[in-house]
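The values are calculated or read from the model by the stated rules, or taken from the named source; none is laboratory data. Remember, predicted model here, so these are calculated numbers, not experimental data. So basically every Cβ, Gly included, is an ideal-geometry build from the backbone, and we count neighbours across all protein chains shown.
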There are 2 protein chains.
Amino acid sequence: MGGPLDNSDKIRELEEELRHTLKKSEKKIAQFTTLTELSTVLNSTLDQEEVRERAMQAATRLMNCEVSSLLLLDNDSHELYFEVALGDKGEKVKEIRLQVGEGIAGWVAKHGEPLLIADVVNDERHFRKADEKSKFVTRDMLCVPLKVKNKVIGVLEAINKLEGEVFNDEDLELFILLANQVAIAVDNARLYKELRETFLQTAEALADAIEKRDPYTGGHTKRVVRYSTAISEYIGIDPSEKESLKISAILHDIGKIGIEDIVLRKPSRLSKEEFEEMKKHPVLGHEIMGKILQLRDVIPGMRYHHERCDGKGYPDGLTCDEIPLIARIIAVADAFDAMTTDRPYRKGLDMDTAVEELERCSGKQFDEHIVRAFVRAYREGHIFNG
Amino acid sequence: MGGPLDNSDKIRELEEELRHTLKKSEKKIAQFTTLTELSTVLNSTLDQEEVRERAMQAATRLMNCEVSSLLLLDNDSHELYFEVALGDKGEKVKEIRLQVGEGIAGWVAKHGEPLLIADVVNDERHFRKADEKSKFVTRDMLCVPLKVKNKVIGVLEAINKLEGEVFNDEDLELFILLANQVAIAVDNARLYKELRETFLQTAEALADAIEKRDPYTGGHTKRVVRYSTAISEYIGIDPSEKESLKISAILHDIGKIGIEDIVLRKPSRLSKEEFEEMKKHPVLGHEIMGKILQLRDVIPGMRYHHERCDGKGYPDGLTCDEIPLIARIIAVADAFDAMTTDRPYRKGLDMDTAVEELERCSGKQFDEHIVRAFVRAYREGHIFNG
């Protein structure tokens, strides 16, 4: 009774099952391979913006969906926020905020539980305003909490699975694994940023306190930092050099801590001897910070910000091509601020006149290239005193 | 002609293949699941020691092997180094160093290529001395480079696969994926540590410069940091509070930046008015740093290190249970250093006498608990002036 026939059915069945098993296994392994790769990409930066960008790209790619969102929790306001790029890059970015509890993402943040919603439009938690604003149609969605040490720090969403499919439970499982990696990468970037800010703010606070010994220079350091940063936007400078410039601008005058009150706080013009004493501050600053290995690229701005292109500056009488870039930038920012602020024995110049003065001294005292950048920044409204 | 027979062979074959495929797939998925989990664990700390520890545990677990090693590259000496725990935890850790190019790990670091060695004993690259020293027998081994931005930063080894097996190419593939995660976690921890050190060193350098205005207190800040740290080893204090204590001890006197030369540098005893002026420094310090959110746990040590348990201190006349812990610690460290250093108008006490003085004032000026900790630290040789 049909043994061979039954057998060939059985064989077809087994072959089919084998094909299916292989296909499923290959798909799963491919997904894991992608997940592992994405985890490497996610964690190989500590830059907050970059991590967020990579997290959304990773979600879109791994889940094969139309779009992804990363919403972070603002602990102070108890809101979720995310930045949406409007149109092409370069255009303004808009921040959208959502109360915890509000919408699907708000529900997930509140309950700390993941959601798979196959029919978003008919889900009562759906926050329609966002779709209306963006004219985007949300069909199906995965929404999972980002947790660090059991605390929700945000929410990751994958929206509209591609190729006519709808998200399923296996997708959700995979997405949760990605979310774990994203949570860690986001948190590491936050910790790094907080430490960096603590460092910069501490340096600023101390520089500010040191500056306050001299009652005639209120706010000088802050303005030099701002002018230097503005200049750096108009010249080719890489991010790490920009960071060194900022730190150096903050610390450029800290050598003044070694100048006595009697010289530093003198309300009238300095005598020749007093001026020689005052001129020690770049070297003193170098000495104070010189042992800190990680600040080796910062020191030149402290030591050389009173050098001049024509070699008539101090302490080393360097010429233009010998003076490090960040020192040439700080020199212009520093001189502009000195010219535009009042001293007890003279009134400060107005800004237009000070700019003319910079241009007059360009190529002699200052690097022409830097003065040009400063003038462009000034004309475009990026140099302001206040 | 045996059709049914052939068919049942075929069925057995297919069933066998299906079982095999399923088993292989399950194993692979289990490995990837473990890898994903380990990657989460690895990246969820920025503490260097912790990352190294977790990396070795991850390698041993994922590769199912007897032992794992993580060797890091010292760029200055061009050596690989690793720390080996000798015996039970708590015992001393020994550092082993290896030239790049030396041994199997040295070969991998030099060439930047992974190695699978099934028979280590007969491999000419094998560095026998390490085995001889540790009396460990290395049979088979996976050794892969840790790379960040294409630069080798170290080497990860898995040694002696368990359960009678020998490492194969699939193991090597999996191990390379783990090594990628380890490389990133190690590098992130390094970047975080470097930033933290830059912050602490900058704060120290500035505190040191501020301290140098007062010619009679050379090295005071450094000693207060050291004494405070020693005390903290003898009381229950969590790691984050210990970190705050260190930063606070570094910054405790920075308010002196706001005290005029004429008071600060006076070589004789201060008048009542001058002393009142000097007494402003804790509040000035608080004001300088008060805006820095991340330093909120550091400020109390600056503001309250001149408070006394009996309420007779300044600036706020707090009593013992109102004075934050880190301030009570710095108070003892600060007073001990003041007593044991010379002033132009008096000679410093010897350390034994100063300790007696602390004990005499215990419960009145100082927290008894802190004085007891200090005395223990002193008797066990952890308080030294130098």
Legend entry - Looking only at the range A:276-325, and only at residues there that are farther than 19 Å from B:ALA205 by Cβ and of a type in the set (A, V, I, L, M, F, W, C), the one that is nearest to the other protein chains (Cβ to nearest Cβ): A:MET278
Inset, instruction - For B:ARG213, state whether it is under 25 Å from B:ASN150 (Cβ atoms) and touching a residue at least 24 places away in the same chain (Cβ under 8 Å). - result: no
Inset, instruction - Residue by residue through the range A:275-311, note down the ones that are touching a Lys or Arg at 6+ places or on another chain (Cβ under 9 Å), free of Cβ contacts under 8 Å to residues at least 40 places away in the same chain and over 24 Å from B:ARG213 (Cα atoms). - result: A:GLU307
Legend entry - Out of B:ALA230, B:ALA249, sole residue that is modelled with pLDDT of 95 or more, closer than 20 Å to A:GLU204 by Cα and more than 13 Å from chain A (Cβ to nearest Cβ): B:ALA249
Inset, instruction - Give the range B:232-249 a look and list any residue that's more than 30 Å from B:ARG265 (Cβ to Cβ) and in contact (Cβ under 8 Å) with a residue 40 or more places away in the chain, or say none. - result: B:SER232, B:GLU233, B:TYR234, B:ILE235, B:ILE237, B:SER240, B:GLU241, B:SER244
Inset, instruction - Confirm whether A:GLY348 is surrounded by fewer than 16 Cβ atoms within 10 Å (Cβ to Cβ) and either farther than 22 Å from A:ILE237 by Cβ or not polar (S, T, N, Q) (or both). - result: yes
Inset, instruction - Looking for whichever is crowded, with 17+ Cβ neighbours inside 10 Å, of a type in the set (A, V, I, L, M, F, W, C) and touching a His at 6+ places or on another chain (Cβ under 9 Å) here; the options are B:ILE237, B:ILE292, B:ILE288, B:ILE259. Which one fits? - result: B:ILE259
Inset, instruction - Kindly indicate the residue of the range B:262-274 that is surrounded by fewer than 18 Cβ atoms within 10 Å (Cβ to Cβ) and touching a residue at least 40 places away in the same chain (Cβ under 8 Å) and also nearest to the other protein chains (Cβ to nearest Cβ) among those meeting that condition. - result: B:ARG265
Inset, instruction - Could you tell me which of the residues A:THR229, A:THR221 is buried (at least 22 other Cβ atoms within 10 Å of the Cβ), without any contact (Cβ under 8 Å) to a residue 40 or more places away in the chain and of a type in the set (Ser, Thr, Tyr)? - result: A:THR221
Legend entry - strands (runs of 3 or more DSSP E) (entirely within the range A:88-198) containing at least 2 residues that are within 30 Å of the chain's Cα centre (by Cα) and in contact (Cβ under 8 Å) with a residue 24 or more places away in the chain: A:93-99, A:141-148, A:151-161
